[in-house]
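Some notes on the structure that comes next.
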Amino acid sequence: MIIARVIVDIASSLVDKIFDYILPNNDFCVGQRVLVPFGKISKEGYIIEITDHSEVDTNKLKSVINALEPFPVILKEQLELAKFLKSEFHIGLADAIRLFLPTEMRGSKVKELVKVECFIQDENSAKLYLQSVRKNATSVIGIINYLLNVGSALYSELGKKFNNNSLRKLIQDKIITTKEIILRRKPYIEVSNLPKKDILLTPTQENVVNKILAEKRVFLLHGVTGSGKTEVYMHAMQKILESGRTGIMLVPEISLTPQVLMNFRSRFGERVAILHSGLSKGERFDEWQRILFGEAQIVVGARSAIFAPLQNIGLIVIDEEHDSSYNSDSNPRYNTIEVATFRAKISNASLVLGSATPSLVSYHNAMTGKYQLLEMKERINKRELPPLKIIDMGNEVRNGNTSVFSSALKEAIEKTINEHNQAMLFINRRGYSSFLMCKKCGFVAKCQDCDVSLVWHKLENALKCHYCGNRYKVFTQCPVCGNENLSSGSVGTEKVVLELKSLFPNVAVGRMDNDTTKTKDSHLKILSDFRSGKTQILVGTQMIAKGHDFPSVTLVGIIDADVSLYQSSYTACEQTFQLITQVAGRAGRADKTGEIYLQTYVPRHYVYKLASYYDYPAFYKKEINLRQTTMYPPFTKIFRILITSEDENLAKDVTKVYYERVKQLQQEYNSEFVYLGVMKSPIGRIQNKFRLQVLMRIKLDNEKQITNQLFNIADNVKQNGVTIFVEINPQNLS
Ligand code: ADP
Ligand code: ZN
C-alpha cells in the first residue's frame, strides 16, 4: 500500500497536523497538490512524503481523490523551509505553504492568459490572393505582407495595427489560420530593451564582488549611499548565473525601488522574474510559474520572494537590509533575514546583506564575526556626502514663523527652483494633519472601531482611521460643544503640498504616500514624472527615502524629523538615524552638489548630531552600549504575546492564563527573565478587537527552550474566538 502524508490546507486553524491518505496509484510525487476528503468535504492538500506505512490503521484511511496538477508545486527545499518556519516563528505548516504559492492559485482563481496567434496558412496562396485584391484594400495587403515578413502575430495586435474586419475576412477565406497559445505575463518587460550601460567596476567594487564569490557565508556590505552597491549585486549575480546557479534579490516592500527592478530587467531580461505586491494576480501567477519551471533564474522581489520556488540557489541578496519591511509584523510573522540565512545554508549559497545604515543587529553580528563585513566608504563619483544642516524649529516659532517650512528651507527651495534643480521633501505622515481637536472642550475625533484619533485628509474632505481605513465626515463645529474654534495636529504630506502650492504657485509638485499609490503602477508614474522633470518637487513619506537615484536632486528637506524619534519603540533612535541617512543620500548623487535641511524641535539630540556627520560607527558604538546596559536586543530577545478578541472578557481570561503559565516558566528560568509584564496594548482596540499583551525580555542563554515553551503555551491556551500571536523582537508595539 502507498501512503501519502498530506498537509491539508486549513490556515490559522486549531489543527496543524499531517494526515495520512492512501494513494490510488503510482502517479503521485512529493510536493504535489492534491484533493483529499476531509470530514464531510474535500480540501486541497500537499503531499510532503510518500511511504509504505502509517501509524494509523490503514483500514481507516481514506484515499486521495486526485492530483490538481501533473507536477509538484512545492520543492523539497521549501518543505524544509516550512519546518523551519514552524519551529522558529510558530507558523503552521499550512500557513507556511501558503507563503510559497501565489494566493490566486489556491481554489484555481487565476486562468492562464490565452491569446490567439495568427499566421499565413500557405505562402503561395497568400501571394496569389494579394494579386487578386483591389489596390486600395490597404489593411488586407498590410496584414498579409506583415505576416509574410514576421511569420506570426497576435490577433489582438494585428487588429489594432490594421483592421479587425479585414483580419476576420482573411481568416474566413482561409488565408490566415489561428491557434491558441498560452502567454506568460511579464511585468516591466518593456525595460529589457533599454540600452545597457556598460559599467566597469571600480577596484573597490571588484574586490567586494570577488570576496562574495570566494566563500559561502553571510556578508554584510556596508556601503555609503551612492557607492554602487546595486552594481555589485548585479555583477555577483552575473557570475552566479555563469556558474549555472540561480539567485534571489530582495528589495524593500511595495517595490519602492523600481529602479533596482529596472536595472535587473535591463541587464538580465527574461531571466529575471519579479514578485511583489504591486503585480496583478495574473502577472504574479505567471512569474511564479516561470520560476518553478526554471524559465527564470533570478528572482527580484519584496520579502516574500524569499519563498520563491527557485532551485539551485547560489546567491541571495537583501538590499537595504535594515528596512523594517523585512520584519513582517502582521501574520504570518517572520524575520526575512533569518529565513534567508536558513535558505542560504540549505542551498549552500552566500547571503549578502547590503545597506548604507545596517541594522544594529546585523552590524553587531559583523563585529562579533558571525558575518563578514565588507565596506565601500566612498561614493562612485568621489563626491562628498551632502552637508546636513540642523534647523531649530523652536527658534522659528519664537520668530513668529508658523509655516511648515523654516525660513532657511524656504530660501533653499526657492534657490533650487530658480536654478532648475529638483527637491525632495520628506515627512513621515500622510494626510493633512494628524488630528482635529476642539480648542474649547478638548474633544478629539476618534475611530469607532479603534482606540486611535483620526487623521484629517483635506483633499478628500474626510477624516480617516489609519488602522482600519474607516472614513468619517469632517466637522467644522465641535460635535460635543458646538465650538467652531478647532485646531489640527502635526503636519502631513497634504499640508506640505498645499503650502508649497501657495508659496510657489507655478511649480509642479508630486506627492507620494499610501494615498497616492493605491492603484497599480501609480508609484512608478509618480517617480517617472519626477525623473523626467515633469514635477520639480517631490513630497513623500518614507516611500521616497529608499534607493532612488535622481541625478537632478540637489535639495532634501526633512520637514519633521522628530516624528520618527518619538515613536514608542526601542529602535526609535536607530530607525531615525537610518531614515535621515537614507533620505539625505538622495541628494547630490550625480555631478551636482546637494544639501540637506533637517527640521527639529530638539536640535541637540545625539542622533541628529551623528547623522549630520554621517558617522555610522560612532552611532553604532553609542547605541550598542545603550542596548547592552538596558538589556535590549541584540543582548536579549523581546517577546510580545499579543492576544486579541472581539470579546473583551475572553481576551482578558486567555491573557491571564497565558501570564500565569509564563510565571511558572519564569520560576524555572528565573535568571533568564529580564522583564515580565502583562497589560493592555498601547492601542487597546483595533477593528473592534480588544488587544492585550504579555511582554517579556529574555536573555539569550536558554532562549531556544523558552521560545519553544512560549509557542507551546500558545498552542495549549488558544480557543475559538481568540487569536494569539507570539511576536519576537517586534518593532511596532502598537
Ligand atoms: P547605492 O545602491 O550604493 O546607493 P548605486 O548602485 O545606485 O548606489 O550607484 C550609484 C550610481 O553610480 C548609479 O547611477 C550607478 O549607475 C553608478 N555606478 C555604480 N557603479 C559604477 C561604476 N563602477 N562606474 C560608473 N558608475 C557607476
Ligand atoms: Zn479604525
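Worth pointing out:
- Residue in the range 236-245 that is assigned by TED's automatic domain parsing to the domain that holds residue 321, under 18 Å from the mean Cα position of the chain (by Cα), more than 16 Å from ligand 1 (Cβ to nearest atom) and not in a loop (DSSP other than H, G, I, E, B) present: no
- Within the range 209-232, the set of residues being among the hydrophobic types (A, V, I, L, M, F, W, C) and either out of contact with any Gly (no Cβ under 8 Å at 6 or more places or on another chain) or more than 12 Å from ligand 1 (Cβ to nearest atom) (or both) comprises 209, 212, 213, 214, 218, 219, 220.
- Condition met for residue 658 (surrounded by 14 or more Cβ atoms within 10 Å (Cβ to Cβ), in a helix (DSSP H, G or I) and touching a residue at least 60 places away in the same chain (Cβ under 8 Å)): yes
- Total residues in the range 411-437, condition among the hydrophobic types (A, V, I, L, M, F, W, C) and either in contact with a Ser or Thr (Cβ under 8 Å, 6 or more places away or on another chain) or free of Cβ contacts under 8 Å to residues at least 12 places away in the same chain (or both): 6
- Counted residues, the range 289-326 - those being in contact with a Pro (Cβ under 8 Å, 6 or more places away or on another chain) and touching a residue at least 60 places away in the same chain (Cβ under 8 Å): 8
- One residue from 270, 321, 283 being buried (at least 20 other Cβ atoms within 10 Å of the Cβ) and assigned to a helix (DSSP H, G or I): 283
- Among the residues of the range 436-472, those that are of a type outside the set (A, V, I, L, M, F, W, C), over 28 Å from residue 692 (Cα atoms) and part of a loop (DSSP other than H, G, I, E, B) comprise 439, 440, 458, 460, 461.
- Counting only residues that are on the phi > 0 side of the Ramachandran plot and modelled with pLDDT of 95 or more, the range 301-326 holds 1 of them.
- In the range 426-443, residue farthest from ligand 1 (Cβ to nearest atom) [restricted to those that are in contact with a Leu (Cβ under 7 Å, 6 or more places away or on another chain) and within 18 Å of residue 495 (Cβ to Cβ)]: 437
- The condition of being modelled with pLDDT of 95 or more, assigned to a helix (DSSP H, G or I) and either under 27 Å from the mean Cα position of the chain (by Cα) or more than 30 Å from residue 380 (Cβ to Cβ) (or both) holds for only one of 652, 622, that being 652.
- Residues that are within 16 Å of ligand 1 (Cβ to nearest atom) and within 30 Å of residue 239 (Cα to Cα) number at least 1 in the following strands (runs of 3 or more DSSP E) confined to the range 341-415: 350-355, 372-376.
- You will find that of 348, 335, the residue that is at positive phi and either in contact (Cβ under 8 Å) with a residue 24 or more places away in the chain or within 16 Å of ligand 2 (Cβ to nearest atom) (or both) is 348 and no other.
- Candidate set: the range 509-527, residues that are surrounded by 13 or more Cβ atoms within 10 Å (Cβ to Cβ), without any contact (Cβ under 8 Å) to a residue 60 or more places away in the chain and not aliphatic (A, V, I, L, M); chosen: the one nearest to residue 460 (Cα to Cα): 516
- Matching residues in the range 676-700 - criterion: being touching a residue at least 40 places away in the same chain (Cβ under 8 Å) and surrounded by fewer than 16 Cβ atoms within 10 Å (Cβ to Cβ): 682, 683, 684, 687, 688, 700
- Among the candidates 648, 703, 668, residue that is of a type outside the set (Ser, Thr, Tyr), surrounded by fewer than 16 Cβ atoms within 10 Å (Cβ to Cβ) and touching a residue at least 40 places away in the same chain (Cβ under 8 Å): 648
- Check on residue 467, crowded, with 18+ Cβ neighbours inside 10 Å, farther than 30 Å from residue 262 by Cβ and at pLDDT below 85: no
- Subset of the range 473-497 that is surrounded by 16 or more Cβ atoms within 10 Å (Cβ to Cβ) and in a strand (DSSP E or B) - its residue that is nearest to ligand 2 (Cβ to nearest atom): 488
- Residue in the range 422-443 that is among the small types (Gly, Ala, Ser) and surrounded by fewer than 16 Cβ atoms within 10 Å (Cβ to Cβ) present: yes
- Filtering 310, 275 for residues that are over 26 Å from residue 115 (Cβ atoms), buried (at least 24 other Cβ atoms within 10 Å of the Cβ) and in contact with a strand residue (DSSP E or B) (Cβ under 6 Å, 6 or more places away or on another chain) leaves a single hit, 310.
- Residue in the range 649-671 that is within 16 Å of residue 633 (Cβ to Cβ) and in the same structural domain as residue 722 (by TED's automatic domain parsing) present: no
- Conditions (1) under 32 Å from the mean Cα position of the chain (by Cα); (2) modelled with pLDDT under 95; (3) farther than 26 Å from residue 466 by Cβ: number failed by residue 717: (1)
- The single residue among 31, 45 that is under 37 Å from the mean Cα position of the chain (by Cα) and not in a loop (DSSP other than H, G, I, E, B) turns out to be 45.
- Pair list, Cβ under 6 Å, 6 or more apart: the range 599-617 residue outside the structural domain of residue 358 (by TED's automatic domain parsing), other residue acidic (Asp, Glu) and buried (at least 16 other Cβ atoms within 10 Å of the Cβ): 600/562; 601/562
- Top-ranked residue of the range 444-472 - restricted to ones that are among the aromatic types (Phe, Trp, Tyr) and more than 7 Å from ligand 2 (Cβ to nearest atom), ranked as nearest to residue 488 (Cα to Cα): 456
The values are calculated or read from the model by the stated rules, or taken from the named source; none is laboratory data. Remember, predicted model here, so these are calculated numbers, not experimental data. A quick note on method: Cβ atoms are made from the backbone with ideal geometry, for glycine too, and the neighbour counts reach across all protein chains shown.
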